[in-house]
Amino acid sequence: MARRIQPGRLGVTQNLLIPLILITLITLITACTESELPLLDQLGDPCRSAYDKCLTDDTVRSCEAGVWVERDCASVCAELGPAYAPAGCDRECVCELVDPSGCTPSEATCVDEGTIAVCDEGQVLQPNSCSQICADAALHEVGCLTDVAGESACWCTSEGTGCEPSTTPQCVDQDTLGSCEGGIWTFVECSTICGAPAACDPFRLPAACGC
Amino acid sequence: MQRHQRHMRGLSMVSLLAACEPSPGLPISYETEHLRIGADLEHPLCAGDLVAFEQIIRRVDEELGLSMTSKVDVWIWSDEAWMVVGKEYCGPGTLGCTSYRGNVIYTSVSAVEHELVHAATPIPRLTPFFAEGLADVYSGEQARFGHSAPADALELSAIAMGRGASTHFVMWLRETWGSTKLGELARLGKMAGSRFEDVYGLSFAEAQTLYFAEAPWGYPGLDTCSGAPLDLEDEFSGWQAEVPFDCETGQDVRVYGIGLMVQRTFVIPVAGHYSVSTDADAILLSRCATGPIEEPLRSDAFSDDDVPPTYGGYPSEEFGFYMGDPVRDLYFEAGKHQISLLVMGYEPDAVNLSIWPSLGPRPVEMEH
């Protein structure tokens with residue numbers, strides 16, 4: 001359908017002046033138009049927004065059921081649970097922890113190598129075993145780890161878990177091949193397989209070490 | 001290219017339209033069924049770009065029953081060059097314009113698709129509210145609930161009316177009553193607003209009341225996640241593909257910035273971590289919207305490590321950008337996803353792609 005023409009083939013159009021008198025122009029105009037349109041920003045106006053806006057020190061304009069309504073920050077913060085209390089308004093309601101020294105609800109912390117604790121709504125840490133969390137996901141425990149962003153989680157692996165014998169090998173990472181050996185996922189470094197430094201090639205079918 | 005467009009919008013201003021303009025004097029470099037294209041770009045247009053242009057024209061024809069009466073000349077400049085020449089052809093602060101009398105489009109590369117819709121709906125005095133809304137919707141823009149009422153913008157010029165309300169309202173009309181009625185409305189031209197009831201059986205004010213009551217927060221663009229599907233080997237092995245990049249012949253190869261892009265889609269059966277490996281220079285990943293987006297989304301609603309939804313960004317659709325790692329483990333929600341493979345340069349190439357459920361250590365959240 002599409003046909004490419006070598007540049008210059010229809011060069012005659014280069015000098016063809018198109019008389020455009022009283023031309024009709026439809027323009028695409030930039031989105032930053034300074035419009036004098038009234039905004040739908042008053043209480044009672046229709047809205048679709050996930051953002052509140054401060055009206056006073058302790059009230060916000062909030063989009064509820066498609067309409068802008070006024071809400072007090074006490075009720076906004078109460079929705080977050082008993083751990084939070086209102087502390088003014090800065091663009092949106094500011095909700096602070098009732099116990100600033102306590103944990104932040106839903107935040108996870110590694111208690112030890114094999115235990116993670118999740119902060120509940122009452123700012124109480126609830127410990128959980130990583131081995132159980134991994135088992136619930138049909139995986140084996142690696143341990144509780146905190147990543148560079150500071151987020152803690154139980155890390156789990158497929159190594160040692162069951163697999164269908166017909167499952168094809170897959171790369172685990174750049175250097176490791178995972179194979180289903182006797183119904184168990186088995187990880188082997190490609191350097192071990194190849195006897196020299198080697199990488200796992202995920203583009204082979206099936207994946208294999210590039211010895 | 002999406003990012004370029006966002007950049008341009010931020011920089012430009014609005015001014016009056018030019019009354020007439022000279023010929024650009026560019027050679028015609030490409031020709032398709034409906035278009036003759038001359039371009040002042042630092043890169044080629046690929047076969048996939050030309051296919052996409054024609055698909056827009058065909059969609060307008062199929063959905064609205066409107067079509068071009070003759071071939072249109074399309075003059076395209078890079079976004080940088082347009083900042084210099086744009087005012088000469090369309091007036092300052094514009095990204096492009098379409099002349100029905102001259103059967104010609106002048107445009108920055110970022111606005112080609114938008115102008116093609118104008119050219120494919122040759123109704124010279126169509127109410128700007130509907131003309132611009134149709135051009136946004138049928139060029140593939142996503143739509144968000146606007147900050148002003150459609151009725152307040154209905155009688156305004158394209159310059160004065162802003163954009164969000166018209167795009168979202170027109171998309172709502174399409175989703176609620178279908179595209180055929182939208183075509184009927186467009187054929188009313190400058191009477192599209194005043195005779196709205198002739199088509200829809202309710203006044204514009206009544207339609208707006210219904211719109212305010214039931215319209216969702218957003219709609220995905222019409223082209224969202226339209227890439228060809230990757231082959232699924234089986235539920236355990238994932239996907240593997242060799243994707244050819246040939247700008248001249250590849251029907252799905254498009255120019256993207258300083259390189260080429262091919263898009264593919266795949267469906268994640270179960271949420272979890274999946275390993276992604278490719279020898280492409282970079283990839284973009286996003287989770288596809290499945291329909292109207294009812295719940296308003298905050299821009300901070302998803303983690304940097306998660307694959308974001310397409311509707312996470314606006315006006316450009318959101319995506320995760322990844323490059324550098326031979327094997328990258330990412331968390332995917334279940335559902336359809338889109339991957340864009342990017343290569344630098346414009347020479348023919350082929351890249352490998354493999355996606356499979358992660359085996360190695362990964363974070364697992366506690367089941368609630």
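Residues of B:209-219, mean number of Cβ from any other protein chain within 10 Å of their own Cβ, rounded to a whole number? All intermediate terms of the calculation are to be shown ahead of the outcome.
Numbers: counts 1, 0, 1, 7, 4, 1, 3, 2, 6, 1, 0.
Partner Cβ neighbours, averaged per residue: 2.
Projecting each Cα onto the charge dipole of the protein assembly as shown (Lys/Arg +1, Asp/Glu -1 at the beta carbon, about the Cα centre), which of B:Gly201, B:Cys97, A:Thr167 comes out farthest on the positive side?
Ranked along the dipole, the leading option is B:Cys97.
Between A:Ala50 and A:Glu79, what length comes free when the chain is fully extended (0.36 nm per residue of separation minus the Cα-Cα distance, one decimal in nm)? Present the calculation step by step, with values, prior to reporting the outcome.
Numbers: separation 29, 0.36 × 29 = 10.44 nm, distance 1.47 nm.
Answer, rounded to one decimal: 9.0 nm.
Under the rule a/c < 1.5 gives rounded, and otherwise a/b versus b/c splits prolate from oblate, where does chain B land using the Cα gyration tensor?
oblate
Give the order of B:Ser99, B:Ser108, A:Ser75 when sorted by the count of other beta carbons within 10 angstrom, beginning with the fewest.
If I rank by nearby Cβ atoms, fewest first, I get A:Ser75, B:Ser99, B:Ser108.
In terms of the Cα gyration tensor, with a ≥ b ≥ c the square roots of its eigenvalues, is region A:170-209 rounded because a/c is under 1.5, prolate because a/b exceeds b/c, or oblate?
In terms of gyration-tensor shape, oblate.
Report the label-to-label distance for B:Trp177 and B:Ala350 in nanometres (one decimal), using points 7 Å from each Cα along the Cα→Cβ vector.
It is 5.2 nm.
May I ask you to order B:341-347, A:86-92, A:198-204, A:134-140 by the average number of other C-beta atoms within 10 Å around their residues, highest value first?
A:198-204, B:341-347, A:134-140, A:86-92
Just tell me how shielded B:286-294 is by partners: mean number of partner chain Cβ atoms within 10 Å of each residue's Cβ, no decimals. Working shown, then result.
On the way: counts 0, 0, 0, 0, 0, 0, 0, 1, 1.
Counting Cβ atoms of other protein chains within 10 Å of each residue's Cβ and averaging gives 0.
Would you pull out the residues with amide H under 5 Å of B:Asp279's amide H, same chain only if 5 or more places away, H placed 1.01 Å from N?
HN-HN under 5 Å from B:Asp279: B:Asn352.
Treat the count of other C-beta atoms within 10 Å as a stand-in for reagent exposure and order A:Thr109, B:Thr290, B:Thr107, B:Thr278 from fewest to most.
So the ranking, lowest neighbour count to highest, is B:Thr290, A:Thr109, B:Thr278, B:Thr107.
Please average, across the residues of B:158-164, the number of beta carbons from any other chain that are within 10 Å of each residue's own beta carbon, and give a whole number.
6
In percent, how large is the relative contact order of region B:2-219, given Cα pairs closer than 8 Å and 6 or more residues apart? Before the final figure, lay out the partial values.
On the way: 354 pairs, mean separation 39.1, N = 218.
Across region B:2-219, relative contact order equals 18 percent.
Tilt of helix B:47-64 relative to the longest C-alpha principal axis of chain B, in degrees (0 to 90, nearest 10)?
50 degrees
Amide H of B:Gly335 versus every other amide H placed in the peptide plane: which residues, excluding those fewer than 5 positions away on the same chain, fall under 5 Å?
Result for B:Gly335 returns B:Ile268.
Need the C-alpha centroid separation for region B:312-364 versus region A:101-124, integer Å.
Their Cα centres are 32 Å away from one another.
Considering only chain B, what is the antiparallel percent among its DSSP beta bridges, to the nearest 5?
That works out to approximately 75 percent antiparallel.
When a footprinting reagent is the concern and you count Cβ atoms within 10 Å, what order do B:Val276, B:Val84, B:Val117 take, fewest first?
Working: B:Val276 23, B:Val84 10, B:Val117 27.
Exposure proxy ranking, most exposed first: B:Val84, B:Val276, B:Val117.
Among rounded, prolate and oblate, which fits the protein assembly as shown when a ≥ b ≥ c are the square roots of the eigenvalues of its C-alpha gyration tensor, a/c under 1.5 means rounded, and a/b larger than b/c means prolate?
In terms of gyration-tensor shape, oblate.
Between region A:148-193 and region B:80-145, how many Å separate their Cα centres?
53 Å
Which lysines have a Cα lying under 18 Å from the Cα of B:Lys190, excluding residues fewer than 8 positions away in the same chain?
Counting by Cα, and skipping residues close in sequence, B:Lys190 has these lysines nearby: B:Lys181.
Quick note: the coordinates plus some simple rules give every number you see, no bench work behind them. All figures in this text were calculated on a predicted structure; none of them were measured in a lab. Cβ coordinates were reconstructed from backbone atoms using ideal geometry, including for glycine residues, and neighbour counts include every protein chain displayed.
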